[in-house]
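Data first, discussion second: the structure below is written as structure tokens.
The values are calculated or read from the model by the stated rules, or taken from the named source; none is laboratory data. This structure is a prediction, so every number in the text was calculated from the model and none was measured. Backbone-built Cβ (ideal geometry, glycine too); neighbour counts: all protein chains shown. Side chains are part of the model used for accessible areas, which takes the heavy atoms of the whole protein and leaves out ligands, DNA and RNA. Shrake-Rupley method; radii C 1.70, N 1.55, O 1.52, S 1.80 Å.
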Amino acid sequence: MPASPRIVIHEDVGAFEKAAEEWSATAPFPLLAGPEIERAARWLTGTSELGALPAVSPEPRPGVVVSCGEPAVGALAGLLARATERAHAHVSPSGVADRLAAAGEDFVALVGLPEDIEAIGDWMGTRAPLLGVVTARGLSALSALVYRSLVLPDFPAAPDRRLVHPSMPGSQHADVIGYSDKEFLTDHRSRLLVLRSHGRECCVHLPDGVICGRSDVPGTRPEPAPSGRRIPACMLGAGCYRHDLEPEDRIPARTLAGDVIYVHACEPVVPGVSAMPHSVNVALGFLDGTTVAVVGAVGRQRSDPNAEKVLAAALDDGLRLGEAVRRLNEHGKRVGGEMSVAGLLGDPAIIVPARAPEHRAVRPAPRKAGSANEDAVPLDPAHLREVRHLTSEVLPALQIMPWVDVPVDLAELARIDAAALLLAGACLQPGNAAAERVPGLVRDLADDLAALQQRALEGLAQNAYDTWWQFGGPARTTVYRQVDASAEPCPHCGRGTSRRVTYRHGTREALELRVGLCRRCGPWEWQVGPEKSAVRHQAPIDVIAWLGEPGRVTMRLSNPLERTVRGATAFCFANGGYEGLQKPAAWPIVLKPGEEREVSAAVHIQRNAVMPDLHEAMFMTLLDGVLTALPIFFDVRPTLGDAAR
């Protein structure tokens, strides 16, 4: 049991628990042995001498400490509370929500292992605006995190640094845009290290590398794979799903040297709503290293280059971490609403030391690649209603589609619009030579619009298959503002963690983007077009598929309207061309009033072309000018007999 006058390190959990419960400010501070405290020693002292670790200087911090889980977690949380003169309560996971409600607007440090936080069932930041979740993978990692949280305020100033993916604005001013800049992530300490890139729960991307959440050896595969999770390729023995990379292009998250890391990418902060196993979560990977706190998106993230400035300014103003994240969320509510929610992993009552200035070189900006008459001719009312619907709702909705990256043939659309104008004359002008042909012209207009929608959907599905496509087009992240949100149970996991959110375009007021969002399952529906004309859709969001074995996936459509809708449906894998997945397919569809229909797509994951991993697919429909997409996550597994299973 290595010891110093300031620190005592225990090998035995029981002895550590007892020492933590009995600790006072005059006693050596107890820690639990493990690789995490050895990393802390190298970070804090430049050596591996545990006896050189600095002492903990107790300081008052506002708020309360709440913990859940095993007794050792309660003892560790009590240790944090006594070192900062805060009240402490240890409760079961089911009692956490009531404790947070009682805390109100106070700072709350919620301490627990990831599985304890998961048992709560949701991200608790929705209950307490000044919440920070103090968590790590295992007791020794949690002990080291609490210790780092207590000694951080005594540390000297360090500069802020930024990683920005070169496809994103501002990359010319970033410290890191690729793997060759790795030293600014791992070799130089940063006060605030911003990671603005693409990502998922397990990683943050570089164009030529990946920051990986795993702290073990990536070649290992836990057995058995956790049930009810989205399992990445590496946990199936297939290596990293970024098969364009070599093993040496991986940067373990625990090696990053940021006191506070802000991950401006999708899904890094997910305690309570994790879809992937905790062993791969990138935020927990940072906390296995020397990081004291992680700020990041809870669920999907809307890109916002100004968010990092808001967070840095809040830290510069001397705000405690919880207050800084609350300011960030107030900014996010104005910018992206439900897709700009940030969470905090770490003690919310910490004041981060001031930053030191650092000169940044400016990089070159990346290159991206007849008229109506008052005397109307009497007409069948059904024909007139159909013409009004096609010209007043379907045509305008399709004219907007290029604004959301749908490749509508504008020349063909203009031709159809001209035909609609002639049809209007035939309907409304007395003596019009085409009046007797109105029934046939209405059918032609409807057929032309249906064919146009099928071609547009085929092009959209191909675009999604060929690229890192996102619903709504490349401008989605900057030009929409949230105008409405309402809670509803998730149609997939059944939890009360889902919201129906409406965004409106900043200049084209008629353009609305409607999103169904679940903090557990992610986006489960995207839709653009007149809501009153929308067909109801239902499809699974999580599907297990086996390499080499054929299968089918089915979407159910229901037409609640009193008229027939026409258009097309498609099935494709997002970025499927890169992943070696099957090509997209699209086909026409007509739904009569009140009709329900099941639409199925054959799925065959080629054994030698596709690696086991999570592959995102989607059903899409374009029906009477309403575009709908339903994401589906295919959890591709090796078949019996494969070495990876």
message: Residues to consider are V590, V515; find the one that is among the hydrophobic types (A, V, I, L, M, F, W, C), in a strand (DSSP E or B) and open to solvent by 10 Å² or more (accessible area, probe 1.4 Å).
response: V590
message: Exactly one condition in (1) in contact with a His (Cβ under 8 Å, 6 or more places away or on another chain); (2) modelled with pLDDT of 95 or more; (3) open to solvent by less than 30 Å² (accessible area, probe 1.4 Å) is false for S171; which is it?
response: (2)
- request: Considering only the stretch 604-617, state which residues are crowded, with 23+ Cβ neighbours inside 10 Å, among the hydrophobic types (A, V, I, L, M, F, W, C) and under 20 Å from the mean Cα position of the chain (by Cα).
  value: A617
- prompt: Does G178 qualify as being under 19 Å from G69 (Cα atoms) and either open to solvent by 20 Å² or more (accessible area, probe 1.4 Å) or more than 21 Å from the chain's Cα centre (by Cα) (or both)?
  reply: no
statement: Given (1) within 30 Å of D154 (Cα to Cα); (2) open to solvent by less than 30 Å² (accessible area, probe 1.4 Å); (3) outside any loop (DSSP other than H, G, I, E, B), V210 misses just (1)
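Residue by residue, here is whether (1) open to solvent by less than 50 Å² (accessible area, probe 1.4 Å); (2) of a type in the set (S, T, N, Q); (3) in a loop (DSSP other than H, G, I, E, B) holds:
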position	(1), (2), (3)
D216	no, no, yes
S227	no, yes, yes
C234	yes, no, no
H243	no, no, yes
V269	yes, no, yes
V273	yes, no, yes
M276	yes, no, yes
message: Condition check: closer than 29 Å to H505 by Cβ, touching a helix residue (DSSP H, G or I) at 6+ places or on another chain (Cβ under 8 Å), open to solvent by 50 Å² or more (accessible area, probe 1.4 Å) and at pLDDT 95 or above. Does R536 satisfy that?
response: no
task: Looking only at the stretch 278-303, count how many residues are small (G, A, S), buried (at least 23 other Cβ atoms within 10 Å of the Cβ) and either out of contact with any helix residue (DSSP H, G or I) (no Cβ under 7 Å at 6 or more places or on another chain) or outside any loop (DSSP other than H, G, I, E, B) (or both).
output: 6
task: Could you tell me whether V204 is in contact with a Lys or Arg (Cβ under 8 Å, 6 or more places away or on another chain), open to solvent by less than 10 Å² (accessible area, probe 1.4 Å), under 30 Å from M235 (Cα atoms) and not polar (S, T, N, Q)?
output: no
- request: Could you grab the pairs with beta carbons closer than 7 Å, sequence gap of 6+ or different chains, first residue in the stretch 304-327 and outside any helix (DSSP H, G or I), second one of a type in the set (A, V, I, L, M)?
  value: D304/V335; G318/I351; R320/A349; R320/I350; R320/I351
- line: Looking across the stretch 114-166 at residues that are of a type in the set (V, I, T) and assigned to a helix (DSSP H, G or I), the single one that is nearest to P357 (Cα to Cα) is V151
